[in-house]
Every structure is written in C-alpha cells, then in structure tokens.
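Take a look at the structure set out below.
The values are calculated or read from the model by the stated rules, or taken from the named source; none is laboratory data. In this text, all values refer to a predicted model and were calculated from it rather than measured experimentally. All Cβ positions, even for glycine, are placed from backbone atoms using ideal geometry, and neighbour counts span all protein chains on display.
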Amino acid sequence: MFRTSDIVLIAVMVSAAALTYKTKREAEEQLAAVQKIHAQIRYEEDTIDLLKADWSLLTQPSRLQKLAELYKSQLELQPVSARQIVGIGDLPAKALDIEDILKGRQGGMADNSDKAPSGDRDPVVTGGIAQ
Amino acid sequence: MIGKLLKRRAKTGEAGSIVVEGARKATGGKGRTRIVMTMAVFFGIFATISGRLVYLGFQTPDMSGGPQSRVTASRPDIVDRNGEVLATDIKTASLFAEPRRIVDADEAIEKLSTVLPEIDYEQTYHKLKSGAGFVWLQRQLTPKQQSDIMQLGIPGFGFRTEKRRFYPSGETSSYIVGLTNIDNQGISGMEKYVDEQGLSDLQASGLAVAKDLKPVKLSIDLRVQHVVRDEIAAGLERYRAMGAGAVVLNVKTGEVVAMASVPDFDPNNPYNAQDKDRLNRMSAGLYEMGSTFKSFTSAMALDSGKATMASRFDASHPIRVGHQAIHDFHGKNRVLSLPEVFLYSSNIGSAREAELVGIEGHREFLHRLGLLDRMQTELPEVARPTEPKVWKQVNSFTIAFGHGVSTTPLQAAVGCAALMNGGFLMNPTFLIRTQAEAMAMARKVVADKTVEGMRYLYTLNAEKGSARNARVPGYRVGGKTGTAEKVINGRYSKELNFNTFVAAFPMDDPQYLVFTIADAPHPEKPGMTDVAAANAGVMAGNIIRRSAAMLGVKPDFSHENGATLVSYQ
C-alpha cells in the first residue's frame, strides 16, 4: 500500500510538474510580449523614418517659398534687405536732449571706456556727439 | 507488460493460496486470443498512422508564399551641412493576395475598401477569382494602411516590404545627390561616390545594416541650393536659354555650398534623366569661357612679374595673325592700362598680355591653375578639358580672351577662387571640410601681390565696368562678365552666345564665389542685349542678394556711404 513517503513524493512530483508548466507558460507569454514589443519598435522606427522624410518634405525651401508667395497679401512678409541687418556696433549714439546737458551727462560714454560696466551704463563706446 | 501480467498470475498460483482454477481454465484459452487480437488491431492502427506520417513527411509542401522579398540593400541617408535630409531610405509595404486561399472574395474586397477606398472593385474581384497563386493588389502602402489592413484579418492577404530611395528636395539637388537604380545602388552623383567608398562591398557581404550607416554630410546648404536652383530656373525661362547653371563656392575651404544646372530632372521620378539636354553643365559640360578667362590672363601677367598695374598695352589696332584678326567688342582704339584692359574687356589688350608672358608661360599658368586638367572631386560626372595639341601664337592670343580651350564652369570657378583666397588652389569638395584641412592640401599657385591686384580689378569692374548688374548693396561684390560666341558644329555662331559671370564677395576679404552660366540666352525683351551682364550677371546678383545673409556674410555699408565713414573716423 501507499506509504506516507510515496504520497509526499507524488505530491512533490505533481507540484514540480505544475511549477514547470507554469514557468514554461509564463516564459512563453513573456516571449510573445517581447516579440510584440519588437514588432512595435520596428513599426515605430519605420514611422519615424517616414515622418522625418515627411518633415523634410514639408520644410523644403521651395515649398515654403511657394506658400510665402501665396499668402503674401495676408502675411505681408518681405525678404530681409541687407540694410535691415545690423550689429550692435552700428547703432547710432542716443541723441542728447536738454536734460542730459543740464545734468552734465553729455559725452559720458567716453569716460567709462576703460572701466568695467557699472550700473546701467553701457561700457561700449558707441561714438560721441558732444565731445 | 503482458508477460509480466502472466508471470504474476503464475506467481499467485504458486503461492499456494486457495485459488479456484476451474473458472480461469474454462475461459483461459479464449482470453489469450482476445488479447492477441486486440494487440493486432491496435498495432495496425498505429502502424497506419505512423506510415501516413512518414509518407507526409516525405511530401514537399505546397510552396505558395509568393515571390521572396527582394533584399534591397540599405543606404546611408545623405544630409546637407545643416542636417537637412537630401536622400533617405523609406520602407514601404506592398499588399499581395493568394487567390487560392481566399475564402470569400466579395467579403475580402468589401473589407479592403474600408482601408483603400480608391481600389478598383471589378478589377480586384477578377484578380481574386483568377485562381492564380499570387497577385499584387497595391504597391507602396504607408505603415498606417498596412497595420489597418492587418487589423482586418482577411485570410490570403500578405505583405512584402520594399525599400525605396526618397529625395525630399526633388529637383533642387538632383545633380549633386544623384540617383540609385532599382537595386538601390548608386548610379550617379554623390550616391555613386558613396558606393565607391566601400558601401557596395559592405552590401555585397551583407554587413550594410541600416542602423550602423551614418548619414553622409555634404557641404551643400539646402537653403542656398534652393536659391540657386530657383534663380537659374527663373533665368532659363526669362532668357529663353538652352541651359543655365550656377555654383556657389566657399573660397576659403573649397567647399561647394550650392551647385545647380537646369534643365534637370526629378530624382523621385527620373523618367527623363537620360535625356540629351539633362547634363550637369557645371561639372560635366565643356565650354569656352569667354572673357571670364581674362581674369586668368591678367593674373598671369601680374604674376609673371613682367607687368604691373601701371603697364600699358596698345589696343589701338586689331592684331592680325595670318588672315585672322582680333578685334575688340567695346573698342577704345587707344593704349590701355592693365586695369583698363580688364575693365573694358579688351581682347586686343588681353592678347598683348599673353604675348608678354609667352606661349609656354601661358600654357604653364593655366595648367598650374588646374584649368586644363581633369578636376579631382567626389562627383563622378566630370569632363576633361580640351586644349590645342600644339600651342601656336594665335592659340595663345585667343585663349587669352577665353576662346580656343574648353573647360568646365566648376573648374573655372575653382581657378577664380584661387585668385581670390590668397593664391591657394584647392580641389572642390562636396563634403564638409574645414579651412585647416583645405589648407593642408592646397597648393599656392599665385603670389599674394597678384591676389591683391585681382581683388582690386574685380572690385573696380563691379564699380565702373561690366559687373555692375551683380552689385548688391552692402555685400561688396566684385566680378567679371564673359560673353563667348557659342561653338555650333565647330564654328562660332554670330547669334548665340555662351555667357558666364564670376562674382566674389565680400571683396575686402572674399569668402564666397558665385559662378553663373547661361547657355544660348536671348534678350529678355526686344531691344535689350543678350551679353553676359544682362543675364548671367543678373542671376549672380540675385543669388548673392538672396543668399548672402544665410551664408553669414555681414552687410557693411561704410564703403557706399562716405559721410558715415567720415563721421566714424
């Protein structure tokens, strides 16, 4: 007849089989999930490539030029002329008004040319009017 | 097992326990035959099953998966200097059906038309009912359409992925980027160059994996390239020319920032790419450059040390060699100084300059500037310049004003760049190159003093001479026109010209050089002229006006506004 040890062994065997089955099943599920994610990654990558191509197609200078010409009346955009491009050094000096002269601020720019900038004063010499 | 069973029974008999043998003996013989019969039946069944399995195992299954996916090789993307895509691979899926496996054709088409509404019902129905093993239904689907069709779950439908080369910029950069064939191999332009750099070997060994291929960065700036293409295309129409082209060259590095030639083709649909007039005129077209060559003649005279800015050349009479005579187009009929020869584009004066240097010196100088040798660059479409086999005096005279030798416009531009950038000749490149790299392989071809003189002549010519049309306020443009009589069937045509224009800017320290050509242009309106200043010069001016800011050249009006200059001193 069955002894206790037999029952224990059978129980162990059955549970081991069950565990193996469960593990295998879970591994398969995980594998399927991984494959699904891989497929999704591939799909996303292909989509990214396609969207990049799409983006460069939409931002083609020739297309933008056509659009700009088409909507010229609404947008009122004009090409930048060379005269509109200036550096900070090209800005004219601020015109003096009567208060500046009364307070003795005329030509103040020239004084601080060799000093560090202090307060709101511009350290750059932008040219003087009153010298 | 049966043996065991029998043994056990025997054992129980021997054990000596009380067993009624009679009953067993009465049925014993029959029972044994039953067992044998059962065994035989089961054996038969299993033998049939395994036999069938073996039979099926030897059968070759019905292969009806359609054609195998064409293994198209991956290519690296080609991008411009700012990373804008010029050429890329896109994966497209194509839908096929296996009509033999279609259960219900009507239902399949109905479902399919929810995703592809434009599908032709009747044609598709016939295709699906044809009983063929394989039919294409729709080529080149987007990934979205593909996944939608997959969601429908129609049996008997399948996909094949195909790689296709796509050129977002279309015609704009067609000649530079080039083309690939159906097997995704480069057949022209930079696509071919990339293959020659070992990509084809990689593909052959199957190592060209899309992920590992880094984009190839060109020296082209797509924005400037568009401006150039746009202007020459407009010029082609405006002057009803046979062809037009332009190149923008960075004179400090030898990089080609933009280059275009029209008529061109759409690389996404290159049905006309092999037409006779579809030729990259800038690098593969050979032309007599006309007066633009006077830049080289003047530079040669200055560089030889035999002439200075103060030298004088007698242009009061035509030069006669044998029965040919050399005249001036804008004749002054007097003695001209060297700057005047350049300014009035005097043929006689230029011939006199060449005479001063001598035939051998003239030839050597043009070779030194690389104008008569095959240009070394990445682009495969490069023509070999032609020159007379034996240079006679008359050859030297005519070559002095740009007739008698043919060279490519790109080469002439590179030669002019050497006269502007301090005398360094560098091979033009379509790949990114720094100034240090360029200087490492550059060759000093003319002296600093010559460069200084040439910059002066170009500036002067834009202020007082024929290059005024290319002047752009703020950008200090200098240049030279060239109107050559076009060679048709070996003779100089009196009606048609080949016009060139070279412009450099900003002239105080030239950074960029623009070289434009117009092949057989006509006057824009009746009564106007068709010389280079009126077409090639205008195009060059427009290109500079529109692209200078993008090229990072700062406008400076101090030269044009004397009053400002004084107040800032």
For the stretch B:243-265, check the following and say yes or no: at least one residue is more than 20 Å from residue B:517 (Cα to Cα) and buried (at least 18 other Cβ atoms within 10 Å of the Cβ). yes
By my count, helices (runs of 4 or more DSSP H) wholly in the stretch A:18-105 with at least 3 residues that are closer than 21 Å to residue B:172 by Cβ, modelled with pLDDT of 90 or more and within 12 Å of another protein chain (Cβ to nearest Cβ) are A:61-70
Going through the stretch B:77-111 in order, the residues found to be in a helix (DSSP H, G or I) and of a type in the set (Lys, Arg) are B:100, B:101, B:111
Counting only residues that are in a helix (DSSP H, G or I) and within 14 Å of chain A (Cβ to nearest Cβ), the stretch B:136-182 contains a total of 15
Q: Would you check if there is a residue in the stretch B:515-528 being part of a strand (DSSP E or B), assigned by TED's automatic domain parsing to the domain that holds residue B:340, among the small types (Gly, Ala, Ser) and out of contact with any helix residue (DSSP H, G or I) (no Cβ under 9 Å at 6 or more places or on another chain)?
A: no
Filtering the stretch B:214-258 down to residues that are within 14 Å of another protein chain (Cβ to nearest Cβ), closer than 18 Å to residue B:193 by Cα and part of a loop (DSSP other than H, G, I, E, B) yields B:215, B:220
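Residue-wise test of (1) among the β-branched types (Val, Ile, Thr); (2) more than 30 Å from the chain's Cα centre (by Cα).
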position	(1), (2)
A:7	yes, yes
A:16	no, yes
A:26	no, yes
A:44	no, no
A:58	no, no
A:64	no, no
A:92	no, yes
Of the candidates B:301, B:310, B:325, the one satisfying the condition of being farther than 22 Å from residue B:531 by Cβ, surrounded by fewer than 24 Cβ atoms within 10 Å (Cβ to Cβ) and assigned by TED's automatic domain parsing to the domain that holds residue B:384 is B:310
Within the stretch B:260-269, can one find any residue that is closer than 26 Å to residue B:418 by Cα, assigned to a loop (DSSP other than H, G, I, E, B) and touching a Phe, Trp or Tyr at 6+ places or on another chain (Cβ under 6 Å)?
no
From the option list B:214, B:306, B:252, B:276, single residue qualifying as closer than 25 Å to residue B:383 by Cα, in contact (Cβ under 8 Å) with a residue 40 or more places away in the chain and of a type in the set (Lys, Arg) is B:252
If you go through B:294, B:276, the only one that is surrounded by 24 or more Cβ atoms within 10 Å (Cβ to Cβ), under 43 Å from the mean Cα position of the chain (by Cα), assigned by TED's automatic domain parsing to the domain that holds residue B:403 and at negative phi is B:294
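Take the residues in the stretch B:398-456 that are part of a strand (DSSP E or B) and aliphatic (A, V, I, L, M); name whichever of them is nearest to residue B:325 (Cα to Cα).
Step one: list which residues in the stretch B:398-456 are part of a strand (DSSP E or B), which gives B:406-407, B:424-425, B:429, B:431, B:443-444.
From the residues that got through so far, the ones that are aliphatic (A, V, I, L, M) too are B:425, B:431.
Values: B:425: 34, B:431: 46 Å.
The selected residue is B:425.
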All conditions in (1) among the hydrophobic types (A, V, I, L, M, F, W, C); (2) touching a Phe, Trp or Tyr at 6+ places or on another chain (Cβ under 7 Å); (3) over 13 Å from residue B:283 (Cα atoms) are true of residue B:413 except (3)
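Looking for whichever is outside the structural domain of residue B:455 (by TED's automatic domain parsing) and in a loop (DSSP other than H, G, I, E, B) here; the options are B:198, B:206. Which one fits?
B:206
Hey, among B:69, B:94, B:17, which residue is at pLDDT 60 or above and surrounded by 10 or more Cβ atoms within 10 Å (Cβ to Cβ)?
It is B:94.
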Within the stretch B:228-259, restricting to residues that are of a type in the set (D, E, K, R) and within 18 Å of the chain's Cα centre (by Cα), the one that is nearest to residue B:410 (Cα to Cα) is B:255
